[in-house]
Amino acid sequence: MEILSNKKLTEIRERDVLYMWSQNDAPVSLYIHNPFCRTVCKFCAYRGMLPQYGDIETYYRKILPRQLCKYSDIIRSSYISSCFFGGGTPSLISPKDLKSILNMIPNFSNIREKFFEIHPAYTTLELLDVLAEYKFNNIILGLQSFDSKTLLTTNRPPVSENKVKFIIEEIHKRGMFAWLDIVGFINCSEEELGIFINDIRKACLLQPDEISICPNFYYKHSVANSAIRELNECLKKLSGFHLYKSEMSFEAIKFMYERKKAIRLVRDNSRVEEYMNYIDVNDRPDNEKQAILGIGSFENENRDTFSLCRVNNKLVRYVERIVSGELKYYFVNSI
């Protein structure tokens, strides 16, 4: 999801989009979008919409099924390497509606990597039961911080440490991996830096399979050097976790932090790394060995669901958008 100026878009016909996918020559990473959030967090680069009465039900029972149907033949005939439910807040969907959506995706049981984002404040055991029933591997908890004051400042509902611990345990009981997102809400305060480091330590104690650590994209980070130094010292002292695909070194941490890339910690002896290919693909969307099919949009022209189709070794990027109730598609003129 991203903001795109209309000047960068050229409208294309639906039949041209479907024909393009019929010529796709790469494995497909399937992305299903949820456009809604209960609150609009100030820090988030993927801001969802506040749903009006009935919006969530209408989206999952009418709009998204209609969009899925358009691609059903493409999905059925393609090799789908992964499926990711993102947003927004996907865990706002009811378990009944989720089952209905999953039953609409052709050959869903054959997809190896399956991801689902949840907000710990809006997650039920019934939802986790459905995810386990449909063989999801990876459940991503959008915690961001344990500090309630920090979260309230960013307009995000806080969740107690005990509830996060309970959800992680329930995910593990169902045979799924738990991923935990942490954001460094650091601008110019050493106190903010202290909260960030403490969040990482607390996260490790809860024993998720993966911890994603990100700087806040919207902050100036005038204490960046201190943050990198403190983060490096913190990570060196952690036991039971290692840095994904990199040495736990100051240079590696500095490189990722300064470029605002997620620093991914993986729990030792966890098999979660077998299911991290989706993350690699989306960190490098120009990877010519993979295509991305994004499905799901709503009346929000500032947030588009994008796709990357690969035809004859060429990358074609487009977005889908609902305008006045009508689904439209647009080529992105420049990448």
Would you point out the residue of the stretch 133-173, among those that are in contact with a Phe, Trp or Tyr (Cβ under 9 Å, 6 or more places away or on another chain) and basic (Lys, Arg), that is nearest to Asn110 (Cα to Cα)? Lys135
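Quick one: would you say Asp55 is in contact (Cβ under 8 Å) with a residue 12 or more places away in the chain and touching a Lys or Arg at 6+ places or on another chain (Cβ under 7 Å)? Step through it out loud before you land on a result.
Working: in contact (Cβ under 8 Å) with a residue 12 or more places away in the chain: yes; touching a Lys or Arg at 6+ places or on another chain (Cβ under 7 Å): no.
No, not satisfied.
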Which condition from (1) surrounded by 15 or more Cβ atoms within 10 Å (Cβ to Cβ); (2) modelled with pLDDT of 90 or more; (3) farther than 20 Å from Ile80 by Cβ is the one that Ala252 breaks? (2)
Write out, first by first residue and then by second, each pair whose Cβ atoms fall under 6 Å of each other, whose residues are 6+ apart or on separate chains, and whose first residue, in the stretch 158-187, is within 24 Å of Lys261 (Cα to Cα) while the second is among the aromatic types (Phe, Trp, Tyr). Gly184/Phe196; Ile186/Phe196; Asn187/Tyr219
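Out of the residues in the stretch 263-278 that are in a loop (DSSP other than H, G, I, E, B) and surrounded by fewer than 16 Cβ atoms within 10 Å (Cβ to Cβ), which is modelled with the lowest pLDDT? Talk me through it step by step, then tell me what you get.
Quick first cut of the stretch 263-278, residues in a loop (DSSP other than H, G, I, E, B) only: 268-270, 276.
From what is left, the residues that are surrounded by fewer than 16 Cβ atoms within 10 Å (Cβ to Cβ) are 268-269.
Values: Asp268: 94, Asn269: 90.
Ranking the candidates gives Asn269 first.
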Would you point out the residue of the stretch 121-156, among those that are under 24 Å from Cys41 (Cα atoms) and exposed (fewer than 15 other Cβ atoms within 10 Å of the Cβ), that is farthest from the chain's Cα centre (by Cα)? Lys149
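Yes/no matrix, rows are residues, columns are (1) modelled with pLDDT of 95 or more; (2) of a type in the set (Val, Ile, Thr):
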residue	(1), (2)
His33	no, no
Lys42	no, no
Gly48	no, no
Gln52	no, no
Gln67	no, no
Ile75	yes, yes
Cys83	yes, no
Gly86	no, no
Leu98	yes, no
Residues within the stretch 192-230 that are at pLDDT below 85, closer than 28 Å to Phe166 by Cα and out of contact with any His (no Cβ under 8 Å at 6 or more places or on another chain), tallied: 4
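Show me the helices (runs of 4 or more DSSP H) entirely contained within the stretch 140-256 in which 2 or more residues are of a type in the set (A, V, I, L, M, F, W, C) and over 26 Å from Leu125 (Cα atoms).
On the way: elements: 148-153, 161-173, 190-205, 224-237.
The helices (runs of 4 or more DSSP H) meeting that bar are 190-205, 224-237.
Among the candidates Arg303, Arg284, which residue alone is at pLDDT below 75, surrounded by 19 or more Cβ atoms within 10 Å (Cβ to Cβ) and more than 20 Å from Asp209 (Cβ to Cβ)?
Values: Arg284 fails: surrounded by 19 or more Cβ atoms within 10 Å (Cβ to Cβ).
Every option except Arg303 fails the conditions.
Are any of the residues in the stretch 128-135 touching a Gly at 6+ places or on another chain (Cβ under 7 Å), of a type in the set (Gly, Ala, Ser) and assigned to a helix (DSSP H, G or I)?
Taking the stretch 128-135 and keeping what is touching a Gly at 6+ places or on another chain (Cβ under 7 Å), we get 132.
Remaining after also requiring of a type in the set (Gly, Ala, Ser): 132.
Checking which are assigned to a helix (DSSP H, G or I) leaves us with 132.
Yes, there is a match, as at least one residue in the stretch 128-135 is touching a Gly at 6+ places or on another chain (Cβ under 7 Å), of a type in the set (Gly, Ala, Ser) and assigned to a helix (DSSP H, G or I).
The values are calculated or read from the model by the stated rules, or taken from the named source; none is laboratory data. All values derive from a computational prediction rather than experimental measurement. Glycine gets a Cβ as well: all are built from the backbone with ideal geometry, and neighbour counts include every protein chain shown.
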